[in-house]
1. Examine the stretch 88-96 for a residue that is in contact (Cβ under 8 Å) with a residue 40 or more places away in the chain, surrounded by fewer than 15 Cβ atoms within 10 Å (Cβ to Cβ), more than 21 Å from the chain's Cα centre (by Cα) and assigned to a loop (DSSP other than H, G, I, E, B), and state whether such a residue exists.
2. Please work out which one of (1) on the phi > 0 side of the Ramachandran plot; (2) crowded, with 24+ Cβ neighbours inside 10 Å is the condition residue 121 fails and give its number.
3. Name the one entry in 187, 151, 218, 170 that is surrounded by fewer than 21 Cβ atoms within 10 Å (Cβ to Cβ) and farther than 30 Å from residue 331 by Cβ.
4. Which condition number does residue 210 fail, the rest of (1) within 26 Å of the chain's Cα centre (by Cα); (2) farther than 18 Å from residue 76 by Cα; (3) surrounded by fewer than 17 Cβ atoms within 10 Å (Cβ to Cβ) being met?
5. Looking at the stretch 270-282, is at least one residue free of Cβ contacts under 8 Å to residues at least 60 places away in the same chain and under 25 Å from residue 36 (Cα atoms)?
6. What about residue 21, is it surrounded by 15 or more Cβ atoms within 10 Å (Cβ to Cβ), at pLDDT 85 or above and assigned to a helix (DSSP H, G or I)?
7. Would you mind telling me which numbered condition in (1) out of contact with any helix residue (DSSP H, G or I) (no Cβ under 8 Å at 6 or more places or on another chain); (2) in a helix (DSSP H, G or I) residue 111 fails?
8. With the condition kept exactly as written, say whether any residue in the stretch 343-360 is touching a strand residue (DSSP E or B) at 6+ places or on another chain (Cβ under 9 Å) and closer than 26 Å to residue 123 by Cβ.
């Protein structure tokens with residue numbers, strides 16, 4: 001099967017980044033306007049859901065985080081599987097550098113955050129907030145500020161972000177699973193085994209996959225395990241081999257069908273329900289306290305230090321190769337874009353700090369939004385200058 005063109009994915013992600021920014025801006029404006037009461041009432045409105053024996057009542061924000069975002073992780077998981085088997089992650093030579101860079105991009109921000117938060121007044125449990133990269137924000141920044149830089153730089157950034165997503169899912173699994181309910185977990189495992197069996201039926205209707213995913217998600221929600229893992233686990237069961245000559249693989253069909261809805265609907269809705277905070281809820285002293293400072297420094301400083309530093313060491317040690325035709329200054333600009341944690345950082349923040357602590361929620365949201373904006377502007381500025389230099393030399397691509 002031919003490789004799925006990276007360009008189509010990049011175009012979708014770049015457009016989604018702009019919509020995410022508008023959704024977050026709308027949330028902040030709404031939360032600090034005369035309509036603030038209506039905004040918070042909306043995101044906290046309880047919605048009961050009952051499907052057979054399954055019955056659950058949660059707020060709008062909670063359903064988006066634990067329900068719709070599972071579809072986001074389903075798409076992320078399918079993207080990871082595709083890239084590992086058929087795409088950029090299938091080549092050890094291409095995989096080494098972004099994988100090492102992604103590791104540095106998680107370790108260094110976490111270390112910076114903990115250095116500020118292990119003492120009095122700190123919140124050490126929030127260190128995962130400073131580790132993710134929002135692929136839509138990062139790619140949007142690259143597309144806006146430097147669209148004519150070499151294609152391998154875009155592929156490097158995409159591959160790094162995919163590896164970063166995989167690391168984030170691992171952190172969620174280890175750190176943010178609540179009290180486990182064994183019977184529901186066994187039910188989720190049984191449902192997942194059913195989806196695995198279904199994947200061996202080459203002519204299986206797509207509707208059966210959807211039902212199987214829904215059952216796995218429902219059991220996972222009740223089990224105490226974060227539902228993001230249900231999305232990832234289901235994604236890995238989807239077959240990549242051809243289903244029919246005229247329709248291609250089931251995995252590609254699901255990715256192509258779901259990705260626009262995730263990029264243009266689910267993620268913006270998550271941003272709108274998760275990014276809003278009241279400026280009056282935090283004082284200046286709280287803004288400069290260890291937790292928000294750790295998030296900002298981790299993303300704005302730690303992320304590029306980790307990504308670029310580990311990339312440089314890997315290249316010197318011949319553990320990986322710099323992307324073809326990409327200058328180190330361009331790689332530095334891309335590393336700075338990686339500080340845009342946005343969606344995943346907000347998701348981690350919602351898990352790390354209780355919804356019953358409005359001050360902590362406001363602090364983490366303000367820090368994530370500020371760090372993401374600074375990272376995109378700083379990284380975009382470096383990349384724009386690098387592109388201008390290429391244009392002057394006449395070698396932009």
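1. Within the stretch 88-96 (the criterion being in contact (Cβ under 8 Å) with a residue 40 or more places away in the chain, surrounded by fewer than 15 Cβ atoms within 10 Å (Cβ to Cβ), more than 21 Å from the chain's Cα centre (by Cα) and assigned to a loop (DSSP other than H, G, I, E, B)), the answer is no, since none of the residues qualifies.
2. All conditions pass for residue 121, except number (2).
3. So the residue among 187, 151, 218, 170 that is surrounded by fewer than 21 Cβ atoms within 10 Å (Cβ to Cβ) and farther than 30 Å from residue 331 by Cβ is 187.
4. Against the list (1) within 26 Å of the chain's Cα centre (by Cα); (2) farther than 18 Å from residue 76 by Cα; (3) surrounded by fewer than 17 Cβ atoms within 10 Å (Cβ to Cβ), residue 210 comes up short only on (2).
5. Taking every residue of the stretch 270-282 in turn, none turns out to be free of Cβ contacts under 8 Å to residues at least 60 places away in the same chain and under 25 Å from residue 36 (Cα atoms).
6. So residue 21 does not fit the description; no.
7. (1)
8. The answer is yes, given that some residue of the stretch 343-360 is touching a strand residue (DSSP E or B) at 6+ places or on another chain (Cβ under 9 Å) and closer than 26 Å to residue 123 by Cβ.
The values are calculated or read from the model by the stated rules, or taken from the named source; none is laboratory data. Fair warning: this is a prediction, and the values are worked out from it, not measured in the lab. Cβ atoms come from the backbone with ideal geometry, glycine included; neighbour counts cover every protein chain shown.
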